[in-house]
């Protein structure tokens, strides 16, 4: 792919060119489709793609612009959607054999928001089975012998391979941050309830988040600004004024940020080369980072997450269990079986433990720190396609509903990306993006 190919543009670059009349949506979408034809046989990121329908959307966008009608911030930009996000004009099969041929009647809330902002829905990207652990067909664009991560494997890989500038995924444990790290792109898991999940396959109301993938921090801010909001069918969202993510993320911090480097109790699982890389990163930040131990009350959080996720998923997939368990993967069947055996008192105890930990971390932010620096994964993408990798370095922040960014800051063995995770205070997503931009500039 040539450097001047529209498919190589970031979303922000492409949006500016379209608004200035230097690029049409049809040219951009056509370039992305050509790129897909070139690399999809190797990467296998897509589960549904209708080129004619994608181009028809692009031509309609161009006609709207020519007519002089108002256009949105995402006008003409192609977006990939994880195949658990409902689309009225495309199938949504949830990566599940039991859902083959499923055709929703309505768009998910985020799809309606994307269309209102002018986006072109390019197609559906591969999800692991029901957004859990059983891998799909997708390969890592950096090396097809390595996993792209999961469960938002297709979205991360499609953005990394320049097939599409933006994509949506979801995270219930580590399904955005981990594949973003493995594929070397920016991944954003917002504060719980910031982006509505209506019309998206529900695993766990407590843990599910919509996630964003892009090749620049500007693009993450651009997309987040259009998707943050309220929807009446998602009880965890609320009416809010528009958050100026782009403006805030570009501001200079009033005071140079201070980071807390938290290894978590699972640091012993980090690969030696990743430990060395984080050591160099911490050394480069000097006095702007301090190692902080996770307080003892959070040590059981991984068990709480497991209890909540297994119970909620057992309830969410009760119909699949009752009517077609023999066609589910062993991983999903085992999870449902465990979830059906959990005592109600243990489930309620796990739910009740979350708020005090969030409050304790709020104090950490208020007293000294702007963000938490921690691994996104134990190392680079593992070799082999039978697993999507270890999500444990995402688990705590998902459970607590705190915003997190995967930043492609480092490189590991074989040239594979090695991501760092930056975590912010709950509800302070735009400030987290501002700190991430400062961090990138600090290391430049």
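Across every pair of different alpha-carbon atoms, what Kirkwood hydrodynamic radius in Å does segment 1-65 reach?
12.5
Provide, for q = 0.15 Å⁻¹, the log10 of I(q)/I(0) from a solvent-free Debye sum over equal Cα point scatterers in segment 80-131. Listed by q, the Debye log ratios stand at -0.36. Taking all Cα-Cα distances within the chain, those exceeding 38 Å account for 16%.
DSSP finds beta bridges in the chain, and of those with both partners inside it, around 65 percent are antiparallel. The eigenvalues of the Cα gyration tensor, multiplied by 5 and square-rooted, give segment 289-346 an equivalent ellipsoid with semi-axes of 32, 13, 8 Å from largest to smallest. Within segment 233-276, the proportion of C-alpha pairs whose separation exceeds 12 Å stands at 79%. Each label was represented as a point 7 Å from its Cα along the Cα-to-Cβ direction; for residue 1 and residue 288 these points are 3.0 nm apart.
Across all Cα pairs in segment 6-249, the calculated P(r) in 10 Å bins from zero up to the longest distance comes to 8, 35, 39, 15, 1 percent per bin.
Give me the distance between the Cα centres of segment 175-189 and segment 1-42, rounded to whole Å. The distance from the Cα centre of segment 175-189 to that of segment 1-42 comes to 22 Å. Both radii were evaluated on the Cα set of segment 244-398; the Rg over Rh quotient, with Rh as the Kirkwood radius, amounts to 1.05.
Within segment 60-215, what percent of beta bridges assigned by DSSP are antiparallel, to the nearest 5?
In segment 60-215, DSSP labels about 60 percent of beta bridges as antiparallel.
For segment 349-444, the equivalent ellipsoid derived from the alpha-carbon gyration tensor has semi-axes of 26, 20, 8 Å in decreasing order. Spatial offset of segment 216-283 relative to segment 297-348 amounts to 29 Å, using the alpha carbon center of each. Of the three principal axes defined by the Cα atoms of segment 87-226, the extents in descending order read 38, 37, 29 Å. Extension gain, residue 252 to residue 387: 0.36 nm times the residue separation minus the Cα-Cα distance gives 44.5 nm.
Computed over the alpha carbons of segment 26-143, Rg followed by Dmax gives 15.0, 48 Å.
Each reported figure results from applying straightforward, stated rules to the coordinates on display, with no laboratory input. Keep in mind the model is a prediction, meaning the values are calculated, not measured. Note that we place each Cβ from the backbone using ideal geometry, even for glycine, and neighbour counts take in every protein chain shown.
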